[in-house]
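Reviewing the structure listed below.
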Amino acid sequence: MKYVLSLLLAFCLSLSSFAKTNEIGENIDVTHYEIHLNTIDFTDRVLEASATLKLTTRTEINALELELKAMEVTSVVCDAYDVADYSQDGDVLSITFASGIAADTELEITINYGGSTFNENWGGVHWSNDYVYNLGVGFDSQPHNLGKTWFPCVDDFNDKTSYDLYLNIPQEMTSSCGGVLVETTDNNDGTKTDHWTVSQEIPTYLMSFAVGSYVLWEDTYEGMERNIPINVYARPNQIEKVAATFANTKEIAAFYEAKFGPFPFNRISYVSTSLGCMEHVDNIAFSSSLITGTTNLDSEFFIAHEMAHSWFGNKVTCASAGDMWLNEGFATFCNNYYLSAIYGEEAFVEAISELTDDIITSCHNSEGWIPLNNMPLDLTYGTTVYDKGAVVVNTMMNYLGRETFDEAIKYYLNKFSYKSASSEDLRDAVTESSGVDMNDFFDTWVFNAGSPVYTVQNFTVQPNGDKFDVEVMMNQGRRGSDYIGNSVRYEITFVDEEWNTHSEMVAWDGEAGVCTATIDFEPVAVFCDYNNKFADASIEKTYVIKNTGSHNFGEAKFKATVQEISDSTLLRVEHHWTGPKTNHELPEGLTLSSNRYWTIHILDKGESMIQGEFQYQKNVNYDDDIMVNENDSIVLLYRPNGSEMWQPLNYVHQAQNNFGRMTVDDIKSGDYTLGMWDEEHASVKEINNENGFEIFPNPAKNVINIRMEKEVNDNVIMTNQAGQVVKEVTINGTEAAIEIDDLASGVYNLKLRNSETQKNSRIVKI
């Protein structure tokens with residue numbers, strides 16, 4: 001799935017990150033565009049065209065501004081008012097009238113223009129031999145909207161209108177454009193004029209054209225209200241591959257209609273382009289490399305993603321560039337949501353889980369921790385918008401329940417039909433429809449940076465007749481900011497010794513809260529988000545283990561090796577991307593990780609012995625907060641639950657550069673975290689030298705182990721800070737142990753000495 005999702009960013013990037021440029025169009029409302037592409041010159045790659053704009057003045061004006069990129073205006077005519085002058089400065093076309101024009105005046109302005117067209121790595125007008133097409137947005141251009149690359153306009157997605165498009169093209173060529181083909185006129189000179197019209201009101205970036213030697217593949221989807229044409233404009237060498245590539249298109253459309261209401265435009269139509277994909281209304285640019293002749297998820301995800309934009313982005317457009325998740329986050333959610341209908345619920349949950357893992361371990365660290373509704377212009381088409389946007393939508397669905405969510409989104413889409421909407425508009429619409437106050441949800445997931453972390457600190461059980469009252473102490477942290485939300489709604493799962501489960505939504509306010517439930521069995525564990533419904537900053541992995549062997553928990557940064565097992569074991573690892581809450585005072589010199597810790601649940605049917613490997617790495621993603629000084633000493637700590645004190649563990653430490661593994665022979669249920677003793681209170685990690693020996697753990701509570709690579713006969717002397725000898729042993733072989741139960745907590749010096757060499761270290765006793 002990750003491969004497919006990376007393609008979604010590289011290929012699809014169906015971007016809609018747009019903003020006003022110098023408030024162009026603020027004093028006018030364009031109500032219709034009529035565009036004539038009179039000459040499409042494939043040899044010189046130029047257009048000769050005219051555009052007639054119907055508009056209404058919002059205020060009294062004597063001039064107005066439009067946008068046109070690269071091409072040159074040759075004349076400007078107004079139907080009822082004389083044009084005194086016009087000029088071009090960069091992308092801005094300024095038109096001055098001979099007299100003032102009152103507010104609420106209807107005008108028609110015809111602009112003749114032409115020349116070479118603009119394109120960048122993505123957006124603009126692209127030419128390839130006898131093919132030409134436009135992509136309505138660009139990556140390099142800021143703002144990203146590029147309707148202005150082929151007609152003069154108010155290139156602002158808040159200014160929506162209808163369109164007529166006339167293309168004069170060679171008889172042997174085919175046009176594919178936004179809207180529907182009204183008629184084709186034979187010009188009796190080897191050319192024809194295709195007339196396309198879009199009756200729905202859409203922003204300029206969604207209007208499009210493509211001309212070339214296309215072959216039309218047609219089908220029909222029987223929609224919930226009407227029959228909807230399915231068109232694919234493919235190149236001749238691709239036409240035999242279309243049917244298999246688009247095999248599930250009807251099923252995707254049916255799923256979307258059931259969830260979000262009737263298909264809102266004229267056709268489900270795709271056109272083969274060298275670059276793709278882009279969600280133009282009725283004319284989706286679709287990368288030619290995706291027409292493979294097979295029904296596969298790679299192609300299908302793009303088909304589904306771009307079709308989803310018919311509702312999210314096209315029917316309702318985000319009101320600002322910062323709110324791009326309303327377009328792209330919803331579309332990315334949808335190109336995963338449809339999996340539940342065609343490939344099963346498990347496929348959908350797996351896809352969302354992979355997105356959730358990725359945004360925590362990758363996207364935030366590359367793009368920063370940013371509120372979802374306030375995206376910087378250079379990140380409007382980044383991973384945060386697409387992937388975090390998608391998992392927040394999924395979280396909203398689970399927060400409300402699917403049926404309530406589906407109805408609320410339908411309400412939102414209808415309320416802002418063919419208009420623009422903000423994150424606040426979505427919040428208010430969902431609140432109105434569902435009856436659930438969504439202010440706290442949006443504060444937690446949209447309006448503040450970072451992601452919450454919800455954890456169980458402890459729980460108690462009391463019998464209540466044939467049932468059990470369970471009191472659960474919950475805690476809230478956050479990765480990426482200090483914000484702590486109120487009115488938390490979250491799912492926890494109670495599990496008994498036979499692995500029976502019962503899940504409930506619980507609620508509390510603030511950082512800590514107590515939640516109660518009455519259930520039918522006595523729980524032995526409480527899991528957070530067992531069903532992977534929430535995009536919190538935790539990565540949860542669960543295995544049912546029946547045999548010995550190793551199991552890698554991947555992004556949870558944990559590996560389990562089952563050494564003994566008599567029946568079966570449910571092993572669950574929750575990797576929390578924030579530091580643990582600690583109610584007990586820590587020893588001087590000890591710092592706990594503020595970035596992550598683990599909660600492990602082991603539910604045995606029988607008995608097991610499981611070796612656990614905890615992984616750390618010094619970089620921006622993981623443990624740079626504690627691995628500060630070269631001579632600091634990293635340590636692994638354990639507690640049975642959030643109410644208990646941290647304890648040092650016996651572990652084997654393997655490290656190379658800034659990556660390490662801490663292996664515990666027999667892990668237990670509870671919390672595990674990384675800590676660091678500073679240089680003043682701890683030794684320099686475990687000892688590894690040319691003679692090949694190691695000392696572990698360090699710090700230690702009960703025993704210090706010494707392990708040699710070869711057999712030796714060495715003396716080991718342990719002294720306190722006053723220089724007094726407190727322990728002395730002899731290593732006669734490869735291993736030795738020093739019992740330190742009787743020693744007071746503190747720092748001790750360890751001297752390892754034989755006839756050839758002497759080595760010193762410091763040991764911390766907790």
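Taken together, the values in this text are just the output of simple stated rules run on the coordinates, not laboratory data. What you see is a predicted model; the values in this text were computed from it and never measured. Every residue, glycine as well, gets a Cβ built from its backbone with ideal geometry; the counts of neighbours run over all protein chains shown.
Sorted into 5 angstrom bins from 0, the C-alpha pair distances of region 451-536 split as 3, 15, 26, 24, 16, 9, 4, 2, 0 percent. In region 201-251, the alpha-carbon atoms span a convex hull of 114 Å³ per residue. When the Cα convex hull of region 337-414 is projected onto planes of every orientation, the mean area is 6.1 nm².
Computed over region 532-581, the quotient of the alpha carbon radius of gyration and 2.2 N^0.38 Å is 1.30.
Here region 483-621 was treated as a single set of alpha-carbon atoms; its pair distances binned every 5 Å from 0 give 2, 8, 16, 18, 19, 16, 13, 6, 2, 0 percent.
How big is region 283-363 by the Kirkwood estimate over distinct Cα pairs, in Å?
One decimal place: 13.8 Å for the Kirkwood radius.
A simple rule links phi to the HN-Hα coupling: the Karplus curve 6.51 cos²θ - 1.76 cosθ + 1.60 with θ = phi - 60°, which for region 85-95 gives 6, 8, 8, 10, 10, x, 8, 9, 9, 9, 10 Hz, with x for Gly and Pro.
Translational D (Stokes-Einstein, µm²/s) of region 408-460 at 20 °C and 1.002 mPa s when Rh comes from the Kirkwood sum over C-alpha pairs? For these conditions, the coefficient is 167 µm²/s. Since only 500, 464, 535 are under comparison, the one whose Cα sits farthest along the positive direction of the charge dipole of region 451-536, derived from C-beta charges on Lys, Arg, Asp and Glu, is 535. Peptides 577-590, 529-542 ranked from most to least packed by the mean count of surrounding Cβ atoms within 10 Å: 529-542, 577-590.
Dividing the summed helix terms, -39500 (n - 2.57) for each DSSP H run of n ≥ 4, by the number of residues in the chain produces a 222 nm estimate of -4500 deg cm²/dmol to the nearest 500.
The order of the peptides 643-652, 259-268, 317-326 by mean Cβ neighbours within 10 Å, most packed first, is 317-326, 259-268, 643-652. Find, among the GluC sites (Glu not before Pro) in region 197-301, those assigned to loop by DSSP (not H, G, I, E, B) with at most 10 other beta-carbon atoms within 10 angstrom. Answer in residue order: 225. Here the ratio of the Cα radius of gyration of region 214-352 to 2.2 N^0.38 Å is 1.00.
Annotation: amide H-H contacts under 5 Å for residue 438 (H modelled 1.01 Å from N, sequence separation of 5 or more, or interchain): 431. Peptide packing: for 417-425, 285-293, the average count of neighbouring Cβ atoms within 10 Å per residue gives the ranking 285-293, 417-425, highest mean first.
From the square roots a ≥ b ≥ c of the eigenvalues of the alpha-carbon gyration tensor of the chain, which class results: rounded (a/c under 1.5), prolate (a/b over b/c), or oblate?
Cα axes put the chain in the prolate bin.
Residues whose amide H comes within less than 5 Å of that of residue 538, counting only those at least five positions distant or on another chain, are 577 (H built at 1.01 Å from N in the peptide plane). Each residue in 334, 177 was given a count of other beta-carbon atoms within 10 angstrom of its own, and listing them fewest first yields 334, 177. The amide H of residue 421, built 1.01 Å from its N in the peptide plane, has 317, 318, 319 as neighbours under 5 Å, considering only residues 5 or more places off or on other chains. Estimated at 0.36 nm per residue, the fully extended path between residue 83 and residue 735 surpasses their Cα-Cα distance by 225.1 nm.
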